[in-house]
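The structure appears right after this line, and notes come after that.
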Amino acid sequence: MTLIELQQQLAIDKSVLDDEVIRQPVLFYTISEQLTDAAAERDAAKENLASVDAKLDHKWRKDLAKVHTKVTDKMVATQVLIDRDHEKAFDDYLEAKTKADKLLALKEAFQQRSYMLRDLVSLYSANYYETSSIKPTQTQEASHYLANRARISNARTVRNK
C-alpha cells in the first residue's frame, strides 16, 4: 500500500466496528513493516552520504594540495559541500529521511486509531448509539410538558392573587 492509501485507512467507519477492529492489526503491521524498510533505506542513505563525503574529502585534499601550499580543513569542507556528488547523496538522504519520518507519524496515528476503536467499541457496548438511550420517549416528553404547564399555571394563580 502507498502512503496515501494508508492515510485513507485511518478513517473509522463506526457502522462496521467489527470489521474495523479486525482490520486494525493488519493495517498496523503493514505500516510497521513499511516503516522498518524506510528506516533501513534512510540509514543506508546516511552511510552512503558519509562514504561520498569521505571520498570527496580525499579527492579535494589532493586537488587543493596541487594549487595551495597550505590546505585547511575549511577549504576542503567547502569544496565537499558544493560538490555535485555530495549534493546528490544529501538529497537522497533527505528523501529517505522524510519518507521514514512520515511513516513514523503514520504509525503513531494508527496507534491512536487503535485507542479510538477501543473507545468506540466501549461506547457501542454501553448502547451509546441507541436512540432510546439518548432521546426521551414520547411519554416522558408528554409528562414533562404537562408538568411544566401545571407549574406555569400555578405560578400565574399565585401571582394574580
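Read-outs: derived from the displayed coordinates by stated rules, not from any lab. For clarity, every value in this text was computed on a predicted model and none was experimentally measured. Positions of Cβ are backbone-derived with ideal geometry, glycine not excepted, and every protein chain shown enters the neighbour counts.
Please go through the stretch 27-56 and give me each residue that is under 15 Å from LYS102 (Cβ atoms) and β-branched (Val, Ile, Thr), ordered by number.
Once the filter is applied, which keeps residues that are under 15 Å from LYS102 (Cβ atoms) and β-branched (Val, Ile, Thr), the stretch 27-56 yields THR30, ILE31, THR36.
Can you tell me how many residues within the stretch 1-58 are among the β-branched types (Val, Ile, Thr) and exposed (fewer than 14 other Cβ atoms within 10 Å of the Cβ)?
So the answer is 6.
Quick one: which helices (runs of 4 or more DSSP H) sit completely within the stretch 2-86 and have at least 1 residues that are touching a Ser or Thr at 6+ places or on another chain (Cβ under 8 Å), closer than 20 Å to ALA105 by Cα and not hydroxyl-bearing (Ser, Thr, Tyr)?
Correct list: 3-8, 17-67.
Looking at ALA142, ALA100, ALA147, ALA89, which is the one that is part of a helix (DSSP H, G or I) and in contact (Cβ under 8 Å) with a residue 60 or more places away in the chain?
ALA100
Out of the stretch 93-126, which residues are surrounded by 12 or more Cβ atoms within 10 Å (Cβ to Cβ), among the aliphatic types (A, V, I, L, M) and under 24 Å from SER15 (Cα atoms)?
Scanning the stretch 93-126 gives LEU106, ALA109, MET116, LEU117, LEU120, VAL121, LEU123.
Give all pairs with beta carbons closer than 9 Å in which a residue from the stretch 48-71 that is farther than 27 Å from TYR93 by Cα meets a residue that is charged (D, E, K, R) and part of a helix (DSSP H, G or I); count only pairs at least 6 apart in sequence or on separate chains.
VAL71/ARG61
Within the bounds of the stretch 66-87, is there any residue that is under 30 Å from ILE31 (Cβ atoms), surrounded by 13 or more Cβ atoms within 10 Å (Cβ to Cβ) and among the aliphatic types (A, V, I, L, M)?
Looking through the stretch 66-87, none of the residues is under 30 Å from ILE31 (Cβ atoms), surrounded by 13 or more Cβ atoms within 10 Å (Cβ to Cβ) and among the aliphatic types (A, V, I, L, M).
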